[in-house]
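The values are calculated or read from the model by the stated rules, or taken from the named source; none is laboratory data. Keep in mind the model is a prediction, meaning the values are calculated, not measured. Here the Cβ positions follow ideal geometry from the backbone for every residue, glycine too, while neighbour counts run over all protein chains shown.
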Amino acid sequence: MADFVFNIAKGRINELHDAINANNPANSALIVVLLKTAEADAGMKDRDDLAAILANGSTEADFTNYARKVLTDADINNSVIDDANDRREADIPDPTWVAAGGVVNNNLVKLLICYDADTTQGNDANLTPLCAYDFVITTNGSDLVAQVAAAGYFRAS
């Protein structure tokens, strides 16, 4: 599960996840972002959009073959209600960056999952951060696979 949930996303993650799966609104998606430097968690969790995160001591990855991962309704399923354990879980496929680094490498520190209501706008101020995970790894040209949690990226209980 997440190392922390951003304050702006508390109580909303499963709702937003399921809305993306229903393609409502059209062009909505989860965006996976990697950071090579990060503001302290106590400050970061108060940020309301990705632009604010990047303006306050965090730097996005730039290793060879890096691009943000965009997960649409074609990539995810609805969150799962687990009545036996009194919780609801949302999962995503494990993001993979093929041949990550090699020419330009990064020492990564965080993985963020953000919500974008309209991927056609291309504005970091429109990306709402949902969850953050410690993701400490150095790229070296090998494939980079991020499993944020075996049980899913978010659980409400």
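Listed values, structure above:
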item	result
Residues of segment 119-156 that turn out to be part of a strand (DSSP E or B), closer than 15 Å to Val32 by Cβ and either out of contact with any strand residue (DSSP E or B) (no Cβ under 6 Å at 6 or more places or on another chain) or not hydroxyl-bearing (Ser, Thr, Tyr) (or both), as a count	11
Within segment 27-45, tally of residues that are touching a residue at least 40 places away in the same chain (Cβ under 8 Å) and in a loop (DSSP other than H, G, I, E, B)	4
Leu130 being surrounded by 18 or more Cβ atoms within 10 Å (Cβ to Cβ) and closer than 19 Å to Asn78 by Cβ	yes
For Ala29: the one exception among (1) modelled with pLDDT of 95 or more; (2) at positive phi	(2)
Test: residue in segment 81-95 that is over 14 Å from the mean Cα position of the chain (by Cα), of a type in the set (A, V, I, L, M), within 19 Å of Gly11 (Cα to Cα) and loosely packed, with under 14 Cβ neighbours inside 10 Å	yes
Residue within segment 10-18 that is touching a Ser or Thr at 6+ places or on another chain (Cβ under 9 Å), on the phi > 0 side of the Ramachandran plot, surrounded by fewer than 18 Cβ atoms within 10 Å (Cβ to Cβ) and not aromatic (Phe, Trp, Tyr) present	no
